[in-house]
Amino acid sequence: MLGLVAAACSGTSSAGSAATSTLTVFAASSLTAAFNQIGPGFTAANPGITVTFNFGSSTDLAAQIQSEGTADVFASASGIAMDSVEGDPGVTDRSVFATNRLVVITPPDDPAGIASIADLAKSGVQLVLAAKGVPVGDYARQALTSAGILQAAMQNVVSNEDDDASVVAKVTSGEADAGIVYTSDVVAAGNAVRSVTIPPAVNVVASYPIAVVGSTQSQAGTSFLDYVMGSKGQATLKDFGFGPAG
């Protein structure tokens, strides 16, 4: 699921003429709420730069970058997706800027009585995951494997979604009893979902890399990376449930 969101706009030069540039940031869908707040903050600190976000599955975004070459910055939920872009068309200034953890979500009334990750293996539970190959979907399968319930839980899967946002949508619409998404998704969803903690022993910590795309370094792209890695960007990410890069 891809979406285009423009953040704040233009500035003027000291001579009064328009001095604008556009920065296109491809970002994992789990970053939607945080980056939609970071974007205007970045523009306020860098007048004249218009930021456009393209949100979706990191794997799909990497393929789109390679086929279309339209991104200036790539912020991924997957090191593997970033690796592919680093190979083609190339990146600069690659850094890990945040981490995220998995969580089980249910509708607020919890119709299936989900109290732990183990309950996802109960007969009759309607479980929705992101598809295989989508970072949050792969991480979810890792957690289910670590919990020793992968085979039973997979028998309960009623839908494999394009990204974490689609998993949340299935649960909030009542089409599923439970899903596995990121902690940041729970913060963004608010009271629309109920969360169940996954124990650290079986959880997965996802590291989020960010980089300027292409072999020619973009000053605007580097400035965006600096903002995300700086105190204001990191504070916003923390507010939306992300952990520090370390």
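At a threshold of 8 angstrom on Cα-Cα distance, excluding pairs fewer than six apart, so keeping six or more, what relative contact order does the range 101-197 reach in percent? Walk me through the intermediate numbers first.
On the way: 185 pairs, mean separation 46.1, N = 97.
Relative contact order, the range 101-197: 48 percent.
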Partners for K132 among aspartates and glutamates (Cα-Cα distance below 16 Å; same-chain residues under 8 apart left out): D60, E161, D162, D163, D164
Accessible area, probe 1.4 Å, largest first, for residues T172, T197: T197, T172
Simple SL model, points at 7 angstrom along Cα→Cβ for T70 and S173; separation in nm is 2.5
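At 0.36 nm per residue, minus the direct Cα-Cα distance, what do A45 and M154 gain on full extension? Give it in nm, one decimal, please. Please list the in-between numbers first.
Values: separation 109, 0.36 × 109 = 39.24 nm, distance 4.68 nm.
In short, 34.6 nm is gained.
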With the label point 7 Å along the Cα-to-beta-carbon line of T145 and a cut-off under 14 Å to each amide N, the hits in the range 196-232 are 202-205
Can you give the relative contact order of the chain as a percent, counting alpha carbon pairs under 8 Å and 6+ residues apart? 27
Under 5 Å between amide hydrogens, which residues at least 5 positions from E161 or on another chain qualify, with H placed 1.01 Å from N in the peptide plane? L129, A130, A131
Taking amide hydrogens as modeled 1.01 Å from N in the peptide plane, which residues meet the under 5 Å criterion relative to V51, leaving out close sequence neighbours? A7, L23
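Roughly what % of DSSP beta bridges within the chain run antiparallel, to the nearest 5?
Numbers: 26 of 43 bridges.
Looking only at bridges with both residues in the chain, the antiparallel portion is about 60 percent.
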Which angle between 0 and 90 degrees, to the nearest 10, do you get for helix 32-45 versus the longest principal axis of the chain when only C-alpha atoms count? 20
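For the chain, what does the convex hull of the Cα positions come to per residue, in cubic angstrom?
Numbers: hull volume 28.5 nm³, N = 246.
Spelled out: Cα convex hull of the chain, divided by residues, is 116 Å³.
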Point-to-point label distance, V96-S231, nm (Cα→Cβ direction, 7 Å offset): 2.5
Calculate, in whole percent, how much of the Cα-Cα pair population of the range 101-197 lies beyond 19 Å. 27
Of D109, D60, D93, the one that fluctuates the most in a GNM where the chain has Cα springs shorter than 10 Å: D109
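The values are calculated or read from the model by the stated rules, or taken from the named source; none is laboratory data. Not measured: the values here are computed from a predicted model. Positions of Cβ are generated from backbone atoms using ideal geometry, with glycine treated the same way; all protein chains shown enter the neighbour counts. These accessible areas exclude ligands, DNA and RNA; they are computed on the full protein's heavy atoms, side chains included. Shrake-Rupley method; radii C 1.70, N 1.55, O 1.52, S 1.80 Å.
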